[in-house]
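Structure first, commentary second.
The values are calculated or read from the model by the stated rules, or taken from the named source; none is laboratory data. Since the structure is predicted, the reported quantities are computational estimates derived from the model, not experimental observations. Backbone-built Cβ (ideal geometry, glycine too); neighbour counts: all protein chains shown.
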Amino acid sequence: MTTTGTGLARVDVMKPWLGPEEIAAVAEVIESGWVAQGPRVAAFETAFASAMDARSAVATSSCTTALHLALVVAGIGPGDDVVVPSFSFVATANAPTYVGARPVFADVDVTSGNVTAETVAAALTPATRAVVAVDQGGVPVDLTPIRELCDPLGIVVIEDAACGAGSTYRGRPVGAGAEIAAWSFHPRKILTTGEGGMLTTSRPEWAARARRLREHAMSVSAADRHASLVSPAEEYEEVGFNFRMTDLQAAVGLVQLGRLPEIVARRREIAARYREELSDVPGIRLVDDPSWGTSNMQSLWLEVLPAYGTDREGLLLSLASAGVSARRGIMAAHLHPAHAGRDHAPLPVTERLTAHTLILPLFHQMTDADLDRVVDVVRSHGSQ
Ligand SMILES: Cc1ncc(COP(=O)(O)O)c(C=O)c1O
């Protein structure tokens, strides 16, 4: 256990929730002798598709590689513009560049932190061929109006559901209403496989192509070749990638997927307690469910408003002095050197949220005492 200068155990911003069942599942894979992509990956894909109400699921090495594949199978390439929020982890803005396309930044809505049909419309160019709509921090993006805008224009809407497992949109899992979506199982997310990702799609031909492309575009998968004594000759019809998930990861993913409802319920319970304890503190605003869905509360962010007793950096320092590890809010890609040179319309909400928000600690094993320590620090500035 890490202790802090206060002598108390550190309160982390996030901890994955893994236990003996995941250990047993990994041990079983090791004992089976097949640790690369194989039957567990196939089983995880089937289970994930069913849990997310998706037609097909293709496991990948990360959400970043799933986004890359999504753009390839959607036919996006050089000369195309892809509208993305700047207010997202940098992978969202990086992905279009991998296929030679140009990311064009859209602003976000101040309440949800997500793009809207209006902010997307304002960022469209004559060359726009795709939009990446993110369920930021687990808050479902209002996808239907964005699709109503884009579908008639032949613009593909890719849902970046990296943070979205366990969130709902209009009564269904997020991603279910998307033509194509990408998911992350990084330990910062609530369902983890160490590293890992998934692509889900309603279009069988996109799923089939993504399945081939993630494995060097081989006509016969490594698992199928291994299964036969005389391996059929494989062919490589196009240039593919190695974006495979391993069976070790998928075994963990299957256990985690089974726990997802419990994980989400616990996170929402902790978030509700934060809300209750902080509701009367002047000058702070906590992200909440939008009217169109529910968040898995992957990232419970708080905006520090002018009426609060200190600014975001002051609050982060006070939390750190009390042994609490909070995090600055979501980054804005256009403010980083990798994407700074791009033309974009003003992004006032993105700049406000990235400067004034922070993410509170929230993890499954969090105790009431952990939460009280965080709440005490946040309240201490509220009364100044
Ligand atoms: C919105 C979003 N997109 C993409 C990613 C990339 O996910 P991965 O780390 O699985 O590549 C992340 C990870 O933080 C994310 O938050």
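All of Gly309, Gly240, Gly323, Gly329 fail the test of being touching a residue at least 12 places away in the same chain (Cβ under 8 Å) and out of contact with any strand residue (DSSP E or B) (no Cβ under 7 Å at 6 or more places or on another chain), apart from Gly309. Hey, could you check region 249-270 for residues that are buried (at least 23 other Cβ atoms within 10 Å of the Cβ) and more than 17 Å from the chain's Cα centre (by Cα) and say which is nearest to Asp370 (Cα to Cα)? Once the filter is applied, the top-ranked residue is Val252.
Screening Phe89 against (1) within 16 Å of the ligand (Cβ to nearest atom); (2) more than 21 Å from Val174 (Cα to Cα); (3) out of contact with any Gly (no Cβ under 7 Å at 6 or more places or on another chain) leaves a single unmet condition, (2). Leu199 meets the stated requirement of being in the same structural domain as Met52 (by TED's automatic domain parsing), within 14 Å of the ligand (Cβ to nearest atom), within 24 Å of the chain's Cα centre (by Cα) and not charged (D, E, K, R). The residue that is farthest from Ala74 (Cα to Cα), among those in region 219-254 that are out of contact with any helix residue (DSSP H, G or I) (no Cβ under 7 Å at 6 or more places or on another chain) and either polar (S, T, N, Q) or assigned to a strand (DSSP E or B) (or both), is Ser228.
Filtered by the rule that a residue be farther than 15 Å from Phe243 by Cα and surrounded by fewer than 20 Cβ atoms within 10 Å (Cβ to Cβ), region 36-45 gives Pro39, Ala43. Taking the stated definitions as given, is Ala133 assigned to a strand (DSSP E or B) and either in contact with a Gly (Cβ under 6 Å, 6 or more places away or on another chain) or within 16 Å of the ligand (Cβ to nearest atom) (or both)? Here the answer is yes, as Ala133 does meet what is asked. Of the residues making up region 143-166, those that are within 16 Å of the ligand (Cβ to nearest atom) and either at pLDDT below 95 or over 15 Å from Val82 (Cα atoms) (or both) number 7.
In region 334-355, the residues that are exposed (fewer than 12 other Cβ atoms within 10 Å of the Cβ) form Cβ pairs under 7 Å with partners that are not in a helix (DSSP H, G or I), at six or more places apart or across chains, as follows: Pro348/Asp107.
Considered as a group, the residues in region 129-151 that are surrounded by fewer than 18 Cβ atoms within 10 Å (Cβ to Cβ) and touching a residue at least 12 places away in the same chain (Cβ under 8 Å) include one that is farthest from Ile263 (Cα to Cα), and that residue is Glu148. Name the residue, out of Ala70, Ala24, that is more than 30 Å from Ala326 (Cα to Cα) and either under 25 Å from the mean Cα position of the chain (by Cα) or surrounded by 15 or more Cβ atoms within 10 Å (Cβ to Cβ) (or both). Just a single option satisfies the conditions, and that option is Ala70. When residues in region 12-41 are screened for being closer than 11 Å to Val255 by Cβ and not hydrophobic (A, V, I, L, M, F, W, C), 6 of them pass. Going by what's in this entry, would Thr119 be described as more than 12 Å from the ligand (Cβ to nearest atom) and either surrounded by 17 or more Cβ atoms within 10 Å (Cβ to Cβ) or outside the structural domain of Thr246 (by TED's automatic domain parsing) (or both)? Yes; evaluated as a whole, the condition is true for this residue.
Counting the residues of region 167-179 that are closer than 22 Å to Leu69 by Cα and within 16 Å of the ligand (Cβ to nearest atom) gives 3.
Does Pro126 satisfy the criteria of being outside any helix (DSSP H, G or I), modelled with pLDDT of 95 or more, more than 12 Å from the ligand (Cβ to nearest atom) and closer than 24 Å to Gly258 by Cα? Before the answer, list the steps.
Values: outside any helix (DSSP H, G or I): yes; modelled with pLDDT of 95 or more: yes; more than 12 Å from the ligand (Cβ to nearest atom): yes; closer than 24 Å to Gly258 by Cα: no.
So Pro126 does not fit the description; no.
Out of (1) farther than 15 Å from Ala57 by Cβ; (2) within 10 Å of the ligand (Cβ to nearest atom), the odd one out for Ala182 is which? With respect to (1) farther than 15 Å from Ala57 by Cβ; (2) within 10 Å of the ligand (Cβ to nearest atom), Ala182 is out only on (1).
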